[in-house]
Amino acid sequence: MTQFVPLAADTFDKNKVTPGILGFLVFAALAVGVWALMKSMNRHMGKVSFEEAPDPDAPARTSEKDPAAPLAEDSAARRE
């Protein structure tokens, strides 16, 4: 290995640091790992149901037009 040092002496710059092939392989492995994790996350998120069950203790809504609208009783209680 030491016999190749004189051959690289004229082209080798001691002030320039490069990651080389090892840096590329580590970066590629990280990229593949992130891709696999994202693919797995998408698969798992597809299985999740976001529909909430209605709360049995909650009073019934007075307005059927807008289910997100607050109840009339709640808005009156907030004013007091």
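Screening A69 with (1) under 27 Å from the mean Cα position of the chain (by Cα); (2) modelled with pLDDT under 80 gives one miss only, at (1).
So that you can scan it fast, the table gives a plain yes or no per residue for (1) in a helix (DSSP H, G or I); (2) surrounded by 10 or more Cβ atoms within 10 Å (Cβ to Cβ); (3) out of contact with any helix residue (DSSP H, G or I) (no Cβ under 6 Å at 6 or more places or on another chain):
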| residue | (1), (2), (3) |
| --- | --- |
| G23 | yes, yes, yes |
| W35 | yes, yes, yes |
| H44 | yes, no, yes |
| S49 | no, no, yes |
| E52 | no, no, yes |
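Just one of (1) assigned to a loop (DSSP other than H, G, I, E, B); (2) of a type outside the set (F, W, Y); (3) modelled with pLDDT of 90 or more fails for V17. It is (3).
The values are calculated or read from the model by the stated rules, or taken from the named source; none is laboratory data. Small disclaimer: the values here were computed from a predicted structure and weren't measured. Neighbour counts are summed over all protein chains in view; Cβ atoms, including those assigned to glycine, are modelled from backbone coordinates with ideal geometry.
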